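Colleague: Structure incoming, see below.
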Amino acid sequence: MDEPLKRTALYDEHRSLGAKMVPFAGWEMPIQYGSILEEHERVRNACGAFDLSHMGEFWFRGAGARAWVSRLTTNDVGRLDVGRAQYNLMCLPSGGIVDDVIVYRTGEDEYLVVVNAANVEKDRAHVTRGLPPDVRFEDASLTTALVAVQGPRASVVVMAVTNLPVREESIEGLPPFGVRRARVADVDAVIARTGYTGEDGFEIFVEWERAPQVWTRVLAAGASNGIAPIGLGARDTLRLECRYMLYGNDIDETTNPIEAGLGWVVKLDKGEFNGREPVASMKERGPSRRLVGLVVDGGVPRHGYEVTKDGDVVGRVTSGTFGPTVRKNIALAYVPVTLAAIGTPLCVRIRGKDVPASVVKTPFYKRAA
Amino acid sequence: MVPEGLLYSKEHEWVKVDGDVATVGITDFAQEQLGDVVFVELPSKGEQVRQFASLGVVESVKAASDVYSPVSGEVVERNVDVMEKPELVNQSPYQKGWMLKVKLADRGELRDLLSPGDYRAHIGETTGAAGAD
């Protein structure tokens with residue numbers, strides 16, 4: 001608890017940009033540089049740069065890497081080609097979710113797994129328990145910086161600082177969910193076309209000490225494209241509008257992927273993996289509760305608020321916010337399947353008052369194709 | 001920004017007294033601390049508010065915060081504009097972002113409020129720049 005907060009290599013940059021710094025998962029991180037609403041809209045309409053160096057980076061290398069990563073995760077790592085990435089889950093034998101991750105296949109026998117900052121220690125123990133001798137594991141979390149560039153103008157900005165042929169709307173160079181080694185701002189990088197905002201975007205992994213060079217060059221190259229630094233506040237509103245999960249809020253070790261609506265990330269036919277049995281079983285008989293989207297009419301729903309039906313508590317909000325793009329108060333909540341149909345009228349208890357809400361389709365926001 | 005001619009509470013509300021009616025809002029310092037205001041909940045006309053008790057809530061993207069009434073009395077008007085456009089609290093905290101007009105129950109309560117100078121000292125403002133956290 002009393003451990004000092006860690007700082008990323010970009011700490012001084014954030015301070016000089018006027019960021020408000022807050023503790024997050026053991027790190028001192030920028031929550032906003034100015035207005036969260038403006039930062040959110042900038043990513044939707046132009047582009048933004050994020051310091052995500054707090055995220056964890058695990059490498060798995062060797063002849064057994066593929067089998068081991070596949071064993072640890074629910075999605076089909078076996079079908080992941082070199083140069084491709086996928087959203088994935090790690091589950092406990094109980095089917096509860098240890099973490100949600102992105103798996104990048106960066107080489108024939110090389111996988112990069114990016115984990116949530118709050119889970120690095122726990123995940124490291126989880127993925128190294130029983131590590132086979134033909135897999136070399138490296139936790140590079142504290143030596144790898146991560147800069148994300150997200151938004152409709154992101155490809156133009158990234159093109160200006162990399163030698164990689166990144167094209168808009170092109171599957172050449174770097175397609176969505178593609179990953180490559182490249183030079184970015186004259187620094188050796190792993191660059192992926194992934195993100196957490198619902199917009200086109202890139203995540204650039206570099207050596208810790210080189211982060212300021214990449215950050216500065218990206219901001220300079222993006223100046224004419226309306227780039228600005230974006231804090232974790234807007235990152236949260238951006239992801240929630242897209243129904244992207246926040247580990248610890250929407251999913252955790254007590255939630256099964258099926259009830260979270262993550263059945264699409266679970267490939268039961270891929271062979272044995274941690275949590276397969278309970279996940280298959282829930283898929284078979286159907287969950288008793290489901291994570292649904294709510295729009296609330298009169299007040300901002302927040303994590304932990306009760307969801308009610310005719311005065312009875314029927315669930316809890318896992319994430320909630322005012323959605324800056326959708327201009328509505330939105331939430332995710334677990335409710336009984338009998339109350340999960342689109343259009344079901346429910347309430348969210350805000351300051352003791354049951355405020356009308358209804359179950360809506362998610363994502364709340366989807367970018368135009 | 002702490003305008004002259006108003007009274008202030010330690011909880012960062014301002015009062016403008018005009019006869020026996022007080023107009024109430026939150027200060028520039030308060031809106032700055034809150035960030036983007038996205039929801040404002042206010043009592044209806046005819047309701048009673050009590051000095052230093054909660055009169056309503058302002059919600060920013062990140063948090064909900066109580067607004068405390070700097071005076072006691074009956075609500076004679078609430079600012080419907082600010083409920084429809086909460087961003088007025090950020091854009092114009094002392095003008096368009098006002099919240100309530102309250103018919104003063106006890107003018108003596110005004111003695112418990114701060115002068116502009118005292119409020120500036122309270123928020124650590126020395127040369128006109130707000131002393132952010």
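The values are calculated or read from the model by the stated rules, or taken from the named source; none is laboratory data. Only a predicted model underlies this, so the values are computations on that prediction, with no experimental measurement involved. So basically every Cβ, Gly included, is an ideal-geometry build from the backbone, and we count neighbours across all protein chains shown.
Colleague: Considering region B:74-87 alone, what residues qualify as being away from chain A (no Cβ under 14 Å) and either on the phi > 0 side of the Ramachandran plot or assigned to a loop (DSSP other than H, G, I, E, B) (or both)?
Modeller: B:ASN79
Colleague: Taking the stated definitions as given, is B:SER92 more than 17 Å from B:ILE26 (Cβ to Cβ) and of a type in the set (Gly, Ala, Ser)?
Modeller: Values: more than 17 Å from B:ILE26 (Cβ to Cβ): no; of a type in the set (Gly, Ala, Ser): yes.
So B:SER92 does not fit the description; no.
Colleague: Looking at (1) out of contact with any Leu (no Cβ under 8 Å at 6 or more places or on another chain); (2) within 14 Å of chain B (Cβ to nearest Cβ), which is the only condition A:GLY62 fails?
Modeller: So the condition that A:GLY62 fails would be (2).
Colleague: OK, next. Out of curiosity, is A:HIS40 within 24 Å of A:GLY222 (Cβ to Cβ), assigned to a helix (DSSP H, G or I), within 14 Å of another protein chain (Cβ to nearest Cβ) and modelled with pLDDT of 95 or more? Break it down stepwise before answering.
Modeller: Numbers: within 24 Å of A:GLY222 (Cβ to Cβ): yes; assigned to a helix (DSSP H, G or I): yes; within 14 Å of another protein chain (Cβ to nearest Cβ): yes; modelled with pLDDT of 95 or more: yes.
Criteria met by A:HIS40.
Colleague: Within region A:318-327, take every residue that is surrounded by 18 or more Cβ atoms within 10 Å (Cβ to Cβ) and within 13 Å of chain B (Cβ to nearest Cβ) and give me the one that is nearest to A:GLU259 (Cα to Cα).
Modeller: Just the residues of region A:318-327 that are surrounded by 18 or more Cβ atoms within 10 Å (Cβ to Cβ), to begin with: A:318-325.
Add one more test, that the residue is within 13 Å of chain B (Cβ to nearest Cβ), and what stays is A:319-325.
Values: A:SER319: 15, A:GLY320: 18, A:THR321: 22, A:PHE322: 24, A:GLY323: 24, A:PRO324: 27, A:THR325: 27 Å.
Here the answer is A:SER319.
Colleague: In region B:10-49, which strands (runs of 3 or more DSSP E) lie fully inside it and hold 3 or more residues that are under 23 Å from A:ILE36 (Cα atoms) and within 14 Å of chain A (Cβ to nearest Cβ)? Please lay out each step first, then the result.
Modeller: Numbers: elements: B:13-18, B:21-26, B:37-41.
Those strands (runs of 3 or more DSSP E) span B:37-41.
Colleague: Something else about it: Which residue, of B:VAL61, B:VAL89, is crowded, with 19+ Cβ neighbours inside 10 Å and at pLDDT below 95? Break it down into steps so the answer makes sense when it comes.
Modeller: Details: B:VAL89 fails: at pLDDT below 95.
It is B:VAL61.
Colleague: Then there's this: Going by the structure shown, is A:ALA340 at pLDDT 95 or above, within 14 Å of chain B (Cβ to nearest Cβ) and either under 16 Å from A:ASN249 (Cβ atoms) or within 28 Å of the chain's Cα centre (by Cα) (or both)? Show your work before the answer.
Modeller: On the way: at pLDDT 95 or above: yes; within 14 Å of chain B (Cβ to nearest Cβ): no; either under 16 Å from A:ASN249 (Cβ atoms) or within 28 Å of the chain's Cα centre (by Cα) (or both): yes.
No, not satisfied.
Colleague: Going through region B:54-73 one residue at a time, which ones are hydrophobic (A, V, I, L, M, F, W, C) and within 14 Å of another protein chain (Cβ to nearest Cβ)?
Modeller: To start, the set of residues in region B:54-73 that are hydrophobic (A, V, I, L, M, F, W, C) comprises B:55, B:57-58, B:61, B:63-64, B:67, B:71.
Once the filter is applied, which keeps residues that are hydrophobic (A, V, I, L, M, F, W, C) and within 14 Å of another protein chain (Cβ to nearest Cβ), region B:54-73 yields B:LEU55, B:VAL57, B:VAL58, B:VAL61, B:ALA63, B:ALA64, B:VAL67.
Colleague: For region A:305-312, indicate whether the set of residues that are of a type in the set (S, T, N, Q), modelled with pLDDT of 95 or more and surrounded by 15 or more Cβ atoms within 10 Å (Cβ to Cβ) is non-empty. It would help to see each step written out before you state the result.
Modeller: Taking region A:305-312 and keeping what is of a type in the set (S, T, N, Q), we get A:308.
Now narrow it down to the ones that are modelled with pLDDT of 95 or more: A:308.
Remaining after also requiring surrounded by 15 or more Cβ atoms within 10 Å (Cβ to Cβ): A:308.
Scanning region A:305-312, I find at least one residue that is of a type in the set (S, T, N, Q), modelled with pLDDT of 95 or more and surrounded by 15 or more Cβ atoms within 10 Å (Cβ to Cβ), so the answer is yes.
Colleague: I'd like the residue in region B:6-20 that is surrounded by fewer than 16 Cβ atoms within 10 Å (Cβ to Cβ) and in contact (Cβ under 8 Å) with a residue 40 or more places away in the chain and, out of all such residues, is farthest from B:VAL80 (Cα to Cα). Outline the logic, then answer.
Modeller: First, pick out the residues of region B:6-20 that are surrounded by fewer than 16 Cβ atoms within 10 Å (Cβ to Cβ): B:10, B:18-20.
Add one more test, that the residue is in contact (Cβ under 8 Å) with a residue 40 or more places away in the chain, and what stays is B:10, B:20.
Working: B:LYS10: 26, B:ASP20: 22 Å.
Within region B:6-20, the match that is farthest from B:VAL80 (Cα to Cα) is B:LYS10.
Colleague: Are any residues in region A:1-37 outside any helix (DSSP H, G or I), within 14 Å of another protein chain (Cβ to nearest Cβ) and either aliphatic (A, V, I, L, M) or farther than 21 Å from A:THR197 by Cα (or both), and if so, which ones? Spell out how you get there, then give the answer.
Modeller: Filtering region A:1-37 for residues outside any helix (DSSP H, G or I) gives A:1-10, A:17-35.
Now restrict to residues that are within 14 Å of another protein chain (Cβ to nearest Cβ): A:18-24, A:28-35.
Matches in region A:1-37: A:GLY18, A:ALA19, A:MET21, A:VAL22, A:PRO23, A:GLU28, A:MET29, A:ILE31.
Colleague: While we're looking at this one, here's another question. Could you look through region A:288-304, keep only residues that are in contact with a Gly (Cβ under 7 Å, 6 or more places away or on another chain) and crowded, with 22+ Cβ neighbours inside 10 Å, and pick out the one that is farthest from the other protein chains (Cβ to nearest Cβ)?
Modeller: A:LEU291
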